[in-house]
């Protein structure tokens, strides 16, 4: 199964190439393409699927979705060990 996961935009980089941003998914941070949501601002939430932010989302809905995904075990199912490795790389530890 492939999920579109909500995340919080931490930073936006305007450089040559596509508009990108650093997005936090409950502790795991990833670079995401923001070309489909150029109006997004730091601190807002977006829905991300395969590295692309598809739309903005209000904070309440984002948090509710993340909590539900966690309860259902969908985050682990979707990201598995790669998700844990990414978190460990970000924190400088090993999974």
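Throughout, read-outs are computed from the coordinates displayed, never taken from laboratory work. Model, not experiment: these values are computed from the prediction. Neighbour counts are summed over all protein chains in view; Cβ atoms, including those assigned to glycine, are modelled from backbone coordinates with ideal geometry.
Using 0.36 nm per residue and subtracting the Cα-Cα separation, the extra length available between residue 50 and residue 30 on full extension is 6.1 nm. When the alpha-carbon atoms of segment 2-46 are used, the pair Rg, Dmax equals 10.0, 30 angstrom. Footprinting exposure proxy ranking of 41, 56, fewest other C-beta atoms within 10 angstrom first, gives 41, 56.
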